[in-house]
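Trainee: Submitted below is the structure of interest, expressed as structure tokens.
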Amino acid sequence: MNTNASETYHLRPLHKADIATVSRWFESLDDLSLFDRTMRVPVNHEAVENSLLEATGIEGASGKCWFAIEAERDSLCGIVGLENINAINGDAILALFIDDAARNKGIGIRAAALVLDMAFNQLRLNRVSSFYRTDNEASRKLTTATGFQKEGCLRKAWFSGGEYIDMICVGLLQSEWTKQRQELASQLAAGTRVKFGHKTSGGWSWPPID
């Protein structure tokens with residue numbers, strides 16, 4: 001992970017205008033098959049729009065909470081969010097996608113950590129889950145670094161590239177995140193930072209501002 005760059009990125013609500021950029025990202029079959037277990041082929045703008053419309057808040061999101069990851073220059077470089085939010089059971093699923101040009105800069109782990117702070121401290125969730133293909137090394141490293149525990153393996157549950165691939169299930173409890181976040185913060189260089197909003201995000205920043 002490259003942490004030498006010094007740049008600030010921002011999380012903001014996903015807008016309908018962002019969908020054109022997201023749909024271009026998903027034209028890459030390799031990226032799409034790593035990100036989404038249910039989308040098998042690249043789809044057009046309208047199909048991506050239908051998939052993400054609730055997450056923009058336009059239709060009144062139900063069980064979804066997605067954010068755009070934006071650079072200072074107002075360019076979209078990724079999306080991160082929570083799916084299947086269940087207030088009764090206090091759980092949700094974490095999902096993340098970083099544009100190819102913005103990878104290996106430490107943006108994804110900071111954005112994920114900021115969303116975990118929000119999940120546990122703002123939405124009052126008790127656990128967050130995630131799933132990834134067993135050959136997705138980037139997801140394995142990110143979830144391990146943020147404290148997720150491996151909870152199981154669904155054998156041959158992800159079909160891609162003509163073969164069935166095992167799917168790893170991981171989970172993180174609120175109590176585990178409380179212990180892990182301090183250690184993670186000490187490991188991440190402060191030069192690269194992800195914040196909620198522009199300029200006035202207060203304590204909602206990763207790494208955290210003391």
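The values are calculated or read from the model by the stated rules, or taken from the named source; none is laboratory data. Only a predicted model underlies this, so the values are computations on that prediction, with no experimental measurement involved. Neighbour counts are summed over all protein chains in view; Cβ atoms, including those assigned to glycine, are modelled from backbone coordinates with ideal geometry.
Trainee: How about segment 149-178: which of its residues are on the phi > 0 side of the Ramachandran plot and without any contact (Cβ under 8 Å) to a residue 12 or more places away in the chain?
Mentor: Lys156, Gly162
Trainee: Which members of segment 139-161 meet the condition of being surrounded by fewer than 18 Cβ atoms within 10 Å (Cβ to Cβ), of a type outside the set (Ser, Thr, Tyr) and either farther than 15 Å from Leu32 by Cα or at pLDDT 95 or above (or both)? Before you say what the answer is, go through the steps one by one.
Mentor: Within segment 139-161, the first condition is being surrounded by fewer than 18 Cβ atoms within 10 Å (Cβ to Cβ), and the residues that meet it are 140-141, 144-145, 149-157, 159-161.
Checking which are of a type outside the set (Ser, Thr, Tyr) leaves us with 140-141, 145, 149-157, 159, 161.
Listed by number, the residues that qualify are Arg140, Lys141, Ala145, Gln149, Lys150, Glu151, Gly152, Cys153, Leu154, Arg155, Lys156, Ala157.
Trainee: Test each condition in (1) within 30 Å of Thr8 (Cα to Cα); (2) among the polar types (S, T, N, Q); (3) touching a Lys or Arg at 6+ places or on another chain (Cβ under 8 Å) for Gln149 and report the one that comes out false.
Mentor: (3)
Trainee: Moving to a separate point now. Looking only at segment 84-124, which residues are loosely packed, with under 15 Cβ neighbours inside 10 Å, within 26 Å of Ser28 (Cα to Cα) and of a type outside the set (S, T, N, Q)?
Mentor: Asp100, Ala101
Trainee: Here are the criteria: (1) out of contact with any Lys or Arg (no Cβ under 6 Å at 6 or more places or on another chain); (2) within 24 Å of Asp31 (Cβ to Cβ). Tell me which single one Gln174 does not satisfy.
Mentor: That leaves (2) as the condition not met.
Trainee: Now for a different question. Part of a helix (DSSP H, G or I), among the charged types (D, E, K, R) and either closer than 20 Å to Leu82 by Cα or more than 16 Å from the chain's Cα centre (by Cα) (or both): which single residue out of Arg124, Arg155, Arg110 fits that description?
Mentor: Working: Arg124 fails: part of a helix (DSSP H, G or I); Arg155 fails: part of a helix (DSSP H, G or I).
Result of the check over Arg124, Arg155, Arg110: Arg110.
Trainee: Please find, within segment 179-197, the residue that is farthest from Gly90 (Cα to Cα) out of those that are surrounded by fewer than 19 Cβ atoms within 10 Å (Cβ to Cβ) and either under 19 Å from the mean Cα position of the chain (by Cα) or without any contact (Cβ under 8 Å) to a residue 24 or more places away in the chain (or both).
Mentor: Looking at residues that are surrounded by fewer than 19 Cβ atoms within 10 Å (Cβ to Cβ) and either under 19 Å from the mean Cα position of the chain (by Cα) or without any contact (Cβ under 8 Å) to a residue 24 or more places away in the chain (or both), I get Ala190.
Trainee: Report, by residue number, each residue of segment 87-102 that is more than 23 Å from Cys153 (Cα to Cα) and in contact with a strand residue (DSSP E or B) (Cβ under 9 Å, 6 or more places away or on another chain). Full working, then the answer.
Mentor: Residues of segment 87-102 more than 23 Å from Cys153 (Cα to Cα): 87-88, 98-102.
Of everything in segment 87-102, those that are more than 23 Å from Cys153 (Cα to Cα) and in contact with a strand residue (DSSP E or B) (Cβ under 9 Å, 6 or more places away or on another chain) turn out to be Ile98, Asp99, Ala101, Ala102.
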